[in-house]
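Peer 1: Starting off with a structure, shown below.
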Amino acid sequence: MRNAWEGILMSIDAVSDAIKLDRLIKKWDVQVMATSDVLVPDVKPDVEEIIGVDCKLIIDDGEVANGRILIEGRVLTRVLYATAQEDRPVAGMDAVIEFSHYFDATDVDEDVTVRARGYVEHTDCDVINSRKLQLKHVINLSLSIGKEESINAVTSIELDDVMCKNSGIRARHMVGEGSSETIVREDINLGEDVVVRDILYSDVTVTNLGMQLSDNKVLVEGTLSVDLIYLEDTEGVKYDSYSTELGFTHYVDVDGVQAYMFPEVECVVEEVSADPKDSGTVNIEAVLNVRVKVYEEEEKTLIVDAYSLSRNIRGNQGSFAVLSEAFRSNTQLSLRDTVELSRDAKHILLVRGQAQAGEYEFSGNRLYIDGLLLVRVYYITESGLACDMAEMPFRHVVDSDELKDDDKLDVRFNVSHIAYTLNGNAVDIRYTVDCNLKVYRENRFIYLLSVEESDEETLPEPASITVYVVGKGETLWDVAKRYRTTIEKIKGINELEEEILNEGDKLLILKEIKP
């Protein structure tokens, strides 16, 4: 039997929508070396012995060119060392080690976005002579490659008896980015009776970042934690330390930003100076580079497949694969450990801690992430100032049914609080680690590019009852489409409460002839 409409192809109205999304193409971790000789500044005394080294990593740029990825950055290094001067037995100096590293990227398009972050895992500082040092940094980098794409997907079909199979997608894309510098200046009073001979160590870290979005602007607020070690200008040698917090507020212009969007902010301390003034006052100046990326996230419904109960239509499918965010958690760990000092300690000046993420493993519904706290303890001994470094391992456990063994992780550990107590020759350390976890998973999305009339005859034979045996992997959608009926009718005839089918199940199918 032939249908009256057969042979006459009619147009089908379908509504398409452009969906913007940021594809995360690849993530991986690498380790690089940065080595450089540095000269002691003319105003600083000769080096006798290295006491301690502290450093921070700044990533400046990442790009793809000529089949290679270039990462450029700097290591800000603070060196505390012993001198031969009686009135100035310890001095401090800053050094900036620039580095660049190429990675093979022959399989990567040049219009991608490269992002990198990392930390200095280990530093060696060797004395070449009294005016020259050699610094060797082991740097761990986490790299990611992304690309902004746009697809045109069918979101609705203007046909009365069309059956559509839908799939939801959370599309996230960057609206804009911006960066600008701000300078935070503050006079800190160490005490009326304090006269500073020399600042030996000064450091500023950013904590408690907060963000507010308005039209075309992002307000960034935060706290600067300031730590100083200094030599007092008194008879004999007297070291002391001082810690305080300073607040800052800064606007960054980003075109297209609106209040409902999602910002990501990185605040990099580019430079720190601490200059003694009169009456126990030290002027602190910190140069901050505030970098902002703003994203928009939209829930979209894509039509994966479609058929009509009365007409032969054909959907042209497209597909794309993305590494999309599947899970995130933000938790805090309150931990404690003990550091045994190498020398007899009279007084603790400063304890600094940096948390690093290490290996991880899945076991059942649990994810185990190993972490390491690198601790530097600056303290006073009978013979002067000393610094010990220790490694304190810890483990972060995440419970979730949403995790899978082949997920890719983005783990960030940050020390938000540290406190200490000297107990004999040991330091009891209590610290809080902020654990920020993002889990990425590869998902393949299928969608309709277009819908058109088909001249292929696929209508069923005259009405009858058929017993259909379900094949491997088949769904109710597959069966309903094959027999040009609806899922609800199949469920009703077979008294099914759910849509789950198993291979070998038998279904009664009522075929119908459409007029």
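Peer 1: Tell me which residues, restricted to the stretch 153-165, are in a strand (DSSP E or B) and either surrounded by fewer than 14 Cβ atoms within 10 Å (Cβ to Cβ) or without any contact (Cβ under 8 Å) to a residue 60 or more places away in the chain (or both).
Peer 2: Glu158
Peer 1: Of all residues in the stretch 97-138, which are assigned to a strand (DSSP E or B), of a type in the set (A, V, I, L, M, F, W, C) and surrounded by 13 or more Cβ atoms within 10 Å (Cβ to Cβ)?
Peer 2: Of the stretch 97-138, the ones assigned to a strand (DSSP E or B) are 97-104, 113-129, 132-138.
From what is left, the residues that are of a type in the set (A, V, I, L, M, F, W, C) are 97, 99, 103, 114, 116, 120, 125, 127-128, 133, 135, 138.
Ile97, Phe99, Phe103, Val114, Ala116, Val120, Cys125, Val127, Leu133, Leu135, Val138 - these are the residues of the stretch 97-138 that are assigned to a strand (DSSP E or B), of a type in the set (A, V, I, L, M, F, W, C) and surrounded by 13 or more Cβ atoms within 10 Å (Cβ to Cβ).
Peer 1: Another question, if that's okay. Please give the number of the condition Asn66 fails out of (1) touching a residue at least 40 places away in the same chain (Cβ under 8 Å); (2) under 30 Å from the mean Cα position of the chain (by Cα).
Peer 2: Of everything listed in (1) touching a residue at least 40 places away in the same chain (Cβ under 8 Å); (2) under 30 Å from the mean Cα position of the chain (by Cα), Asn66 misses just condition (1).
Peer 1: Scan the stretch 248-289 for residues that are loosely packed, with under 13 Cβ neighbours inside 10 Å and more than 26 Å from Arg74 (Cα to Cα) and jot them down.
Peer 2: If the condition is that a residue be loosely packed, with under 13 Cβ neighbours inside 10 Å and more than 26 Å from Arg74 (Cα to Cα), then Asp255, Gly256, Gln258, Ala259, Tyr260, Lys277, Asp278, Ser279 are the ones that fit.
Peer 1: To continue, here is another question. Return only the number of the condition from (1) of a type in the set (Lys, Arg); (2) under 25 Å from Glu442 (Cβ atoms); (3) surrounded by fewer than 17 Cβ atoms within 10 Å (Cβ to Cβ) that Lys293 does not satisfy.
Peer 2: (3)
Peer 1: Spot the failing condition for Val292; the list is (1) farther than 27 Å from Glu98 by Cβ; (2) in a strand (DSSP E or B); (3) under 23 Å from the mean Cα position of the chain (by Cα), and only one is missed.
Peer 2: (1)
Peer 1: Hey, among the residues in the stretch 260-289 that are of a type in the set (Ser, Thr, Tyr) and within 35 Å of the chain's Cα centre (by Cα), which one's nearest to Asp233 (Cα to Cα)?
Peer 2: The extreme case among them is Ser273.
Peer 1: Another question, then. When the stretch 202-239 is examined, which residues are found to be touching a Ser or Thr at 6+ places or on another chain (Cβ under 8 Å), surrounded by fewer than 16 Cβ atoms within 10 Å (Cβ to Cβ) and either in contact (Cβ under 8 Å) with a residue 60 or more places away in the chain or closer than 18 Å to Asn436 by Cβ (or both)?
Peer 2: Thr207, Asn208, Thr223, listed by residue number.
Peer 1: Go through the stretch 240-256 and give me each residue that's part of a strand (DSSP E or B), more than 20 Å from Ala419 (Cα to Cα) and of a type outside the set (A, V, I, L, M).
Peer 2: Gly247, Phe248, Thr249, His250, Tyr251, Asp253
Peer 1: Then there's this: As an exercise: evaluate Leu143 against (1) more than 30 Å from Ser383 (Cβ to Cβ); (2) among the hydrophobic types (A, V, I, L, M, F, W, C); (3) touching a Leu at 6+ places or on another chain (Cβ under 8 Å) and give the number of the one condition it does not meet.
Peer 2: (3)
Peer 1: Another one. With Asp60, Asp46 as the choices, which residue is at pLDDT below 95 and acidic (Asp, Glu)?
Peer 2: Asp60
Peer 1: Counting just the residues of the stretch 354-365 that are surrounded by fewer than 19 Cβ atoms within 10 Å (Cβ to Cβ) and under 21 Å from the mean Cα position of the chain (by Cα), which one comes out nearest to Arg117 (Cα to Cα)?
Peer 2: Only one residue tops the list, namely Gln356.
Peer 1: So, one more: Any residue that is buried (at least 20 other Cβ atoms within 10 Å of the Cβ), assigned to a strand (DSSP E or B), within 18 Å of the chain's Cα centre (by Cα) and modelled with pLDDT under 90 - is there at least one of those in the stretch 427-442?
Peer 2: Checked against the condition, which is being buried (at least 20 other Cβ atoms within 10 Å of the Cβ), assigned to a strand (DSSP E or B), within 18 Å of the chain's Cα centre (by Cα) and modelled with pLDDT under 90, the stretch 427-442 yields at least one hit.
Peer 1: Restricting attention to the stretch 116-125, which residues are of a type in the set (Asp, Glu) and either touching a helix residue (DSSP H, G or I) at 6+ places or on another chain (Cβ under 8 Å) or touching a residue at least 60 places away in the same chain (Cβ under 8 Å) (or both)?
Peer 2: The one that is of a type in the set (Asp, Glu) and either touching a helix residue (DSSP H, G or I) at 6+ places or on another chain (Cβ under 8 Å) or touching a residue at least 60 places away in the same chain (Cβ under 8 Å) (or both): Glu121.
Peer 1: Taking the criterion of being surrounded by fewer than 18 Cβ atoms within 10 Å (Cβ to Cβ), at pLDDT 90 or above, assigned to a strand (DSSP E or B) and not hydrophobic (A, V, I, L, M, F, W, C), would at least one residue in the stretch 305-312 satisfy it?
Peer 2: We begin by selecting, within the stretch 305-312, every residue surrounded by fewer than 18 Cβ atoms within 10 Å (Cβ to Cβ); these are 305, 309-310.
Checking which are at pLDDT 90 or above leaves us with 305.
From the residues that got through so far, the ones that are assigned to a strand (DSSP E or B) too are 305.
Still in the running and not hydrophobic (A, V, I, L, M, F, W, C): 305.
Taking every residue of the stretch 305-312 in turn, at least one turns out to be surrounded by fewer than 18 Cβ atoms within 10 Å (Cβ to Cβ), at pLDDT 90 or above, assigned to a strand (DSSP E or B) and not hydrophobic (A, V, I, L, M, F, W, C).
Peer 1: Looking at Leu448, Leu422, which is the one that is surrounded by fewer than 17 Cβ atoms within 10 Å (Cβ to Cβ), of a type outside the set (D, E, K, R) and not assigned by TED's automatic domain parsing to the domain that holds Ile199?
Peer 2: Going through Leu448, Leu422 in turn, the sole match is Leu422.
Peer 1: Answer yes if at least one residue in the stretch 81-93 is surrounded by 13 or more Cβ atoms within 10 Å (Cβ to Cβ), touching a Cys at 6+ places or on another chain (Cβ under 7 Å), on the phi < 0 side of the Ramachandran plot and not assigned by TED's automatic domain parsing to the domain that holds Leu228, and no otherwise.
Peer 2: no
Peer 1: Select from the stretch 11-37 the residues that are within 30 Å of Asp160 (Cα to Cα) and either free of Cβ contacts under 8 Å to residues at least 60 places away in the same chain or small (Gly, Ala, Ser) (or both) and list them in ascending order.
Peer 2: Answer for the stretch 11-37, where residues must be within 30 Å of Asp160 (Cα to Cα) and either free of Cβ contacts under 8 Å to residues at least 60 places away in the same chain or small (Gly, Ala, Ser) (or both): Ser11, Ala14, Ser16, Ala18.
Peer 1: Can you tell me which of (1) over 30 Å from Leu200 (Cα atoms); (2) under 20 Å from the mean Cα position of the chain (by Cα); (3) assigned to a strand (DSSP E or B) is the one Lys404 doesn't meet?
Peer 2: Exception for Lys404: condition (3).
Peer 1: So which residues in the stretch 347-372 are hydroxyl-bearing (Ser, Thr, Tyr) and at pLDDT 90 or above, if there are any at all?
Peer 2: Tyr360, Tyr368, listed by residue number.
The values are calculated or read from the model by the stated rules, or taken from the named source; none is laboratory data. Just so it is clear, the structure is predicted and the values come from calculations on it, not from any experiment. Backbone-built Cβ (ideal geometry, glycine too); neighbour counts: all protein chains shown.
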